[in-house]
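What follows is a set of notes on a single structure, which appears directly below.
The values are calculated or read from the model by the stated rules, or taken from the named source; none is laboratory data. Here the structure is a predicted model, which is why all the values come from computation and not from measurement. Counting neighbours? That spans all protein chains shown, and the Cβs are built from the backbone with ideal geometry, glycine included. Note: areas computed on protein heavy atoms with side chains; ligands, DNA, RNA excluded. Shrake-Rupley method; radii C 1.70, N 1.55, O 1.52, S 1.80 Å.
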Amino acid sequence: MKTTIASALLLCQSTDAFVPASRSVVETRLNETPGKINHKIDLDSPKVATMDAIKDGEKKVYCRCWLSGTFPLCDGSHVAHNKEVGDNVGPLIVSVAKEE
């Protein structure tokens, strides 16, 4: 089939030619509000702040990607995010040594 300028312009006018079949989680997050990283945790609050106590000998793993279903604790959701976009985000791991 021979491509003409008219057929190329007609193709460009069709928005379906440029819309992917499905959007990734990352595309959805980035397109909701540019620059915003939290799209699901305590959205009615002006600021998400969490306090937690850690006992001697305890270790906790905290989410830094804002995708965890167990926020503020990490559930490993960053692994899928990293694989999808080539990012390297990971959790914050905090531990307290046992007092002897």
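Restricting to the range 52-68, name every residue that is assigned to a strand (DSSP E or B) and either aliphatic (A, V, I, L, M) or within 24 Å of His39 (Cβ to Cβ) (or both).
Scanning the range 52-68 gives Lys60, Val61, Tyr62.
Restricting the range 40-63 to residues that are at pLDDT 95 or above and surrounded by 14 or more Cβ atoms within 10 Å (Cβ to Cβ) leaves a set whose member that is nearest to the chain's Cα centre (by Cα) is Cys63.
Applying the selection to the range 64-100, what residues are open to solvent by 60 Å² or more (accessible area, probe 1.4 Å) and hydroxyl-bearing (Ser, Thr, Tyr)? It would help to see each step written out before you state the result.
Here is the first cut: in the range 64-100, the residues open to solvent by 60 Å² or more (accessible area, probe 1.4 Å) are 64, 69-70, 73, 75, 79-80, 83-88, 92-93, 95, 97-100.
Across the range 64-100, the qualifying residues are Thr70, Ser95.
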